[in-house]
1. Please count how many residues of segment 252-284 are over 30 Å from GLU305 (Cβ atoms) and touching a Leu at 6+ places or on another chain (Cβ under 6 Å).
2. Considering only segment 104-198, give the strands (runs of 3 or more DSSP E) lying wholly within it that have at least 1 residues that are away from the ligand (no atom under 16 Å from the Cβ), closer than 30 Å to GLN31 by Cα and open to solvent by less than 30 Å² (accessible area, probe 1.4 Å).
3. For the subset of segment 281-308 comprising residues that are within 21 Å of THR194 (Cβ to Cβ) and away from the ligand (no atom under 16 Å from the Cβ), which member is surrounded by the fewest Cβ atoms within 10 Å (Cβ to Cβ)?
4. Taking the stated definitions as given, is PHE27 touching a Leu at 6+ places or on another chain (Cβ under 6 Å) and more than 17 Å from ASN178 (Cα to Cα)?
5. Can you tell me which residues in segment 193-222 are free of Cβ contacts under 8 Å to residues at least 40 places away in the same chain and of a type in the set (D, E, K, R)?
6. Looking only at residues in segment 236-280 that are more than 16 Å from the ligand (Cβ to nearest atom) and of a type in the set (S, T, N, Q), which one is nearest to the chain's Cα centre (by Cα)?
7. Here is a list: SER233, SER216. Which entry is touching a strand residue (DSSP E or B) at 6+ places or on another chain (Cβ under 6 Å) and within 16 Å of the ligand (Cβ to nearest atom)?
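The values are calculated or read from the model by the stated rules, or taken from the named source; none is laboratory data. Nothing here was measured: the structure is a model prediction, and the numbers come from that model. Neighbour counts are summed over all protein chains in view; Cβ atoms, including those assigned to glycine, are modelled from backbone coordinates with ideal geometry. The accessibility values were calculated without ligands, DNA or RNA, using every heavy atom of the protein model including side chains. Shrake-Rupley method; radii C 1.70, N 1.55, O 1.52, S 1.80 Å.
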Amino acid sequence: MPDKPILLDLTSEELKTYLITLGQPAFRAGQLFAWLYRGVPFPEMSTLPQALRQTLADQAIDLPLRLHAAFPSQKDETVKFLNACTDGNLIESVLMRYKYGYTLCISTQIGCKMGCAFCASTLHGCVRNLSAGEMAAQVILANRYLGEKGRVGHVVLMGSGEPLENYDQTVRFLRLVNHPGGLNISLRSVSLSTCGLAPQIRALADEGLPVTLSVSLHAPNDLLRQQIMPIASRYSLRELMEAVRYYVTQTGRRAVFEYALIDRFNSEREHARELARLIGHLQCHVNLIPLNRVEERSLSPASPEAVRAFLQTLESLGVSATLRREMGADIAGACGQLRNRHLKEADKPAIINS
Ligand code: SAH
């Protein structure tokens, strides 16, 4: 028997076609779309006829994820979620509270195959891509968790996985998340983070989706970058910077560079100067991140003094830069850490949903 379709994977036009094949009038699509994005299960979609609700429940999937466990931070308002896919795989998302509202960091793949030396997500390889509906469901479940407290207003594709390696489903998700009949999140409030797949950055620039492009740089030259990021051997920094420049020109959005400061590796003043030369000509901003120590990796974070000196050097050279606040450090905040810990079954979550 073929797998049941996940209705959250469908655009509103495709949903219309699907309902027509079930002998339903097209206007039901708008109703169904709205219910799906509010996370309401088929049996409770009260504006739909009872018989249709039954048919849908028999033939399709409303929400492709189930909240498995939530880990609220004791230090701030960050909450980390482990969600279960219909095939039993677990994925993580992180909810953060900022002055301007709630931001959700979502996963785009189960695991990752990019092999970055400092990252926990890639330790067990990539199991599979997530579908657009599985990405959207992470937002829907976070909204459900928030309830009366609020709604997710910003989404960052910075969880496990390389979004541009899962290009089609990621782009489909971006169009869905923006739909006024569903989540209605402005694309200007969405950031996509990539380790630097230059051709896909160019393709994304041509999609007409003004999301913020965040590039994980982590080194100011090819030699250094190749030591920690295998993708650097596929695309040179020159190719990457040309693609980023194209993205900035096409979308009018400034680019963001992520730079994790690693002790005795990329955090000297000279590295900051080299970084400024590399990106100085671009409309951009640098997010400095103190490396999050990952148990399985041997790299250490740069000292607070080195971090301060690095930031100051960038600023003195006219590069816009900030130090990213650490959030949820007590709940395995870094990429992929929580899922790995769970794979080892070491930890007991604070809240379990069975
Ligand atoms: N694959 C995408 C998105 C996922 S990673 C990418 O590479 O951008 C999200 C961000 O967390 C990236 O900037 C990544 O380099 C960074 N990151 C991963 N592990 C980290 C660690 N241990 N400490 C600090 N940043 C880390």
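1. 0
2. On the way: elements: 109-111, 126-129, 152-157, 190-194.
Because the criterion is at least 1 residues that are away from the ligand (no atom under 16 Å from the Cβ), closer than 30 Å to GLN31 by Cα and open to solvent by less than 30 Å² (accessible area, probe 1.4 Å), the strands (runs of 3 or more DSSP E) in segment 104-198 that meet it are 152-157.
3. This residue is HIS281.
4. Values: touching a Leu at 6+ places or on another chain (Cβ under 6 Å): no; more than 17 Å from ASN178 (Cα to Cα): yes.
Here the answer is no, as PHE27 does not meet what is asked.
5. Answer for segment 193-222, where residues must be free of Cβ contacts under 8 Å to residues at least 40 places away in the same chain and of a type in the set (D, E, K, R): GLU207, ASP222.
6. Per the stated criteria, the residue is THR251.
7. Details: SER233 fails: touching a strand residue (DSSP E or B) at 6+ places or on another chain (Cβ under 6 Å).
Just a single option satisfies the conditions, and that option is SER216.
Results for (1) modelled with pLDDT under 95; (2) buried (at least 22 other Cβ atoms within 10 Å of the Cβ); (3) closer than 26 Å to PRO163 by Cβ; (4) not basic (Lys, Arg), shown as yes or no for each residue.
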site	(1), (2), (3), (4)
GLU14	no, no, yes, yes
GLN24	no, no, no, yes
GLN31	no, no, no, yes
LEU48	no, no, no, yes
PRO64	no, yes, yes, yes
VAL79	no, yes, yes, yes
